[in-house]
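For reference, the structure discussed in these notes is given below.
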Amino acid sequence: MVDSKHQWKAWLYLSPAIILLLVFTVWPIFNTLRMAFLNGYGNMAAMGGATFQFGIENFLKVIEYDKFLDCLKTTAILCVATVPISTTLALLIAVALNSIKPLQKTLQTIFFLPYVTNSIAIGMVFATMFNIVGYNPVEKVADTWGIINNVIQFFGGEGISWINQGSTYTANIAVMIVYIVWNALPFKILILLGGLQSINKQYYDAAKVDGTPKARVLTRITIPLLSPMLAYVIITGFIGGFKEYSSIVGIFGEKMGPPDDAGRLNTMVGFVYDALEKDRQGLASAGALILFVIILVVTLFNNKVIKKHVHY
Amino acid sequence: MKVVLENLTKIFPSRDKKSGKEVVAVNDFTFEIPDGQLVGLLGPSGCGKSTTLYMISGLQKPTSGKIYFGDDDVTELSTENRGIGLVFQNYALYPHMTVMQNILFPLQNLTGKDKLTKQEMLDRAYNAARLVQIDELMDRKPSELSGGQQQRVAIARALVKMPRVLLLDEPLSNLDARLRLQTREEIRRIQKETGITTIFVTHDQEEAMSISDVIVVMKLGVVQQIGKPQDVYDDPKNLFVATFLGTPPINVLEGKVEGGKVYIGDEAVMDVAGVEDQNVYIGIRPEGIEPNPNGVLTCKLNNVEVMGRDASVVSSHEASRNPVVRAIISSDIQVDTTADTVKYNIKPHKFFLFNKETEERVYFEVK
């Protein structure tokens, strides 16, 4: 405990951090709360001298708004579909990486590359892969296809319009799932691989002495011992999933949907950005707070479920 | 089940590619471990004792040589088919399973004709737990147990499969001093009760001496001496074995044999008629010398440590290889602590000669 005579010194030394936190974290949070509870708040209007009533109108508007529910739906679908897939894949890849000796470092690097690559750039590459490239003016149809469709055609299937004009919501979501899973893998593999490498090898020797089959080693020893890392990866995966935005911009552009149906794939964060652009900060703040509450509830729920399965 | 090791050798490839130096961890180890005995592999770290144990377990493959369990050649057999129980140095209990689940785990792996019913498994788990006296703790997790209790769980897990051979890697090194004493008696009792041939590894000579039927002393991958603990102690084959066994350690002094007498400095301390003249190391057990005004060896007296039953006379001699020359005597014997020097008499059967170059024992006839 600092001597009370010198307490001002403690505050002085802490002040740079405190000031930065106040300006860039505490004030924005407070301001978000304030704007959310001022009916119809907008910055421009506020500067023009308009006054706003205190109330929950912003929240009601957000909830009543059809598009918001669509955003919620898209976000939820992406979360629920991608987190289990990417976690399972990451686990299998991490276990495989951990069990090979030659080229381990090289493969680790390859698997980690997406993590250090800009997600918009990755999105553009994916967009090209799923795109229908080129247009045949004579027959008035697209005649050059992206690599995914080329592969499908090679095996005798028919090309699908994944992200272009006339594509279905299901096709769009499928592309997003592939992209998000791929993008989420490196971080998860890194965490799980670190976890695997910290497991004492003697557990595996002990299992070997007892003649434990490989599958049983994975389910009864590796996964339980990895459970704290798995829990971390799942929880952060859900949180990241609810904040999904830039990946969709990466593939579909700021329209957040195929050309003929802009906004179809909009997410909650997208909704917040849209509202900000239209100078409806009150609405945006209310949306952000609702998103916060949803993430909070989901995380608490995750924690509760996972706690039962994390063993120590 | 007797265990036979035949010319067992393990060579580890060099870690440093430039020097290309291989490490011979175990060199040409031949030994037959009789059925139902408790055998201690003893040596300083890096002597190859753990490697030997892991080769017997099958977790490491020997570079050459053979291993037999009874008459079966198990050299090429994989670990799980050897029928061994292995207790790891840090126990390797699965931290997420209860004691019960840990003990049941090996049984649940059994398939085919060995497959057990649930009830049989539970019975065997409880029997193993009762044997090591942890049947009260079945629902605890390993983290809720003391070191000694964890050790017992590890032994129970190794015994529950009814192994042909039980292997223990440094079983006592993670326990505190008091528990160590208690647990080594426990290991002895469990081994006698089950009659399973047991091999354990230790660097603690006292531990090995106290519970083993047979000890194997190793150094740098080479077996130095094999025998009953007391026999090895009383009749060491070389200087290493003599110095490695015994606390406090044996007194080692430099000297020479000349004309059938052993000289330390100028003093003739022992008649060894028939021994060739040579430079020697002289090993004398601390209990083998006692102060006597007419003694043959004169040392500078440092102090006397009284430890209840015994007393330890601490002295020094310029020919001594150890910092001190120590005599353990009954505390009834009075020593003049004010004197500068002390004279010792030497008991011939506690007195060993070793050639100075080879450090091998030089035998002589005790009169």
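To two decimal places, what compactness ratio does the range A:7-86 give when its Cα radius of gyration is scaled by 2.2 N^0.38 Å?
1.69
Hey, what's the Kirkwood Rh for chain A if you take every pair of different alpha carbons, in angstrom?
After inverting the mean inverse Cα-Cα distance, the result is 23.2 Å.
Report the residue, chosen from B:LYS61, B:LYS347, B:LYS115, that carries the largest GNM mean-square fluctuation when chain B is represented by alpha-carbon nodes joined by springs under 10 Å.
For chain B, modelled as a Gaussian network with Cα springs under 10 Å, the answer is B:LYS115.
Amide H to amide H under 5 Å from B:LYS219: which residues, 5+ apart in sequence or cross-chain, H placed 1.01 Å off N in plane?
Those lying under 5 Å, H to H, from B:LYS219 are B:GLN224.
Could you calculate, for the range B:1-111, the ratio of the Cα radius of gyration to the Kirkwood radius, expressed as Rg to Rh?
Values: Rg = 16.3 Å, Rh = 15.9 Å.
Here Rg/Rh amounts to 1.02.
Specify, per residue and in Å³, the volume enclosed by the convex hull of the alpha carbon atoms belonging to chain B.
185 Å³
If r is the Cβ-Cβ distance from B:ILE333 to B:VAL222 and R0 is 45 Å, what FRET efficiency results, to the nearest 0.05?
0.65
Apply the Karplus parameterisation 6.51 cos²θ - 1.76 cosθ + 1.60, with θ equal to phi minus 60°, to every residue of the range A:294-303 and state each ³J(HN,Hα) to the nearest whole Hz, in sequence, with x for glycine and proline.
In residue order, the calculated couplings are 4, 4, 4, 4, 4, 5, 4, 4, 4, 4 Hz.
Counting only other chains, what is the mean number of Cβ atoms within 10 angstrom of the Cβ of each residue in peptide A:198-206?
5
Mind computing the radius of gyration and Dmax over the alpha-carbon atoms of the protein assembly as shown? Å is fine for both.
38.2, 125
Amide H neighbours of B:VAL87 under 5 Å, counting only residues 5+ apart in sequence or on other chains, H built in-plane at 1.01 Å?
It is B:LEU167, B:LEU168, B:ASP169, by chain and number.
Put +1 on the Cβ of each Lys and Arg and -1 on the Cβ of each Asp and Glu in the protein assembly as shown; which of A:GLN7, A:ILE223, A:ASN31 then has its Cα farthest toward the positive end of the dipole?
Result: A:ASN31.
Find the sum over both chains of the accessible area lost when B and A are paired, probe 1.4 Å, and report it in Å² to the nearest 100.
Rounded to the nearest hundred, the buried surface is 1800 Å².
Between the helical axis of B:99-108 and the dominant principal axis of chain B, each derived from Cα atoms, what acute angle in degrees is found, rounded to the nearest 10?
Once rounded, the angle reads 70 degrees.
How big is the gap, in Å, between the Cα center of the range B:71-128 and the Cα center of the range A:92-119?
35 Å
Rounded to the nearest 500, what is chain A's calculated 222 nm mean residue ellipticity when only DSSP H runs of at least 4 contribute -39500 (n - 2.57) each, over all residues? Spell out each step's value before the answer.
On the way: 14 runs with 203 residues, N = 312.
Value at 222 nm, helices only, nearest 500: -21000 deg cm²/dmol.
Residue by residue through the range B:163-171, which ³J(HN,Hα) values in whole Hz follow from phi under the Karplus form 6.51 cos²θ - 1.76 cosθ + 1.60 (θ = phi - 60°), with glycine and proline marked x?
Working through the residues one at a time gives x, 6, 9, 10, 10, 10, 9, 6, x Hz.
Can you tell me the relative contact order of the range A:67-277? Whole percent, Cα pairs under 8 Å, sequence separation 6 or more. Don't skip to the end; give the middle numbers.
Details: 234 pairs, mean separation 72.5, N = 211.
For the range A:67-277, the relative contact order is 34 percent.
Roughly what would the spin-label model give for A:ALA174 and A:SER99, points 7 Å off Cα along C-beta, in nm?
Placing both labels 7 Å along Cα→Cβ, they lie 3.1 nm apart.
Helix B:118-131 versus the longest principal axis of chain B: what angle, 0 to 90°, nearest 10, using Cα atoms?
20 degrees
Using the per-residue mean of other Cβ atoms lying within 10 Å as a proxy for protection, in what order, highest first, do the peptides B:219-225, B:157-163 fall?
Highest-to-lowest ranking by the protection proxy: B:157-163, B:219-225.
Nearest 10 degrees is fine. How inclined is helix B:147-159 to the longest principal axis of chain B, computing both from alpha carbons?
60 degrees
What list of ³J(HN,Hα) values in whole Hz, one per residue of the range A:49-59 in order, does the Karplus curve 6.51 cos²θ - 1.76 cosθ + 1.60 (θ = phi - 60°) give from phi, with Gly and Pro shown as x?
x, 5, 10, 10, 7, 6, x, 10, 4, 4, 5
Just from its helices, what would the mean residue ellipticity at 222 nm be for chain B, if runs of 4 or more DSSP H residues each count -39500 (n - 2.57) and the sum is divided by every residue, rounded to the nearest 500 deg cm²/dmol?
Here the helix-only value at 222 nm equals -6500 deg cm²/dmol.
5 Å is the cut-off here: which amide hydrogens, built 1.01 Å from N in the peptide plane, fall below it relative to B:ASN345, excluding neighbours closer than 5 in sequence?
Excluding prolines and chain starts, which carry no amide H, the hits are B:GLU290, B:ASN292, B:VAL296.
Taking the Cα centre of chain B as the origin and placing charges on Cβ (Lys, Arg +1; Asp, Glu -1), which of B:ASN355, B:GLY308, B:LEU122 is farthest toward the positive end of the dipole?
B:LEU122
The values are calculated or read from the model by the stated rules, or taken from the named source; none is laboratory data. From a predicted model like this one, the values you see are computed outputs, not experimental measurements. Cβ coordinates were reconstructed from backbone atoms using ideal geometry, including for glycine residues, and neighbour counts include every protein chain displayed. The area values use the complete protein model at the heavy-atom level, side chains included, leaving out ligands, DNA and RNA. Shrake-Rupley method; radii C 1.70, N 1.55, O 1.52, S 1.80 Å.
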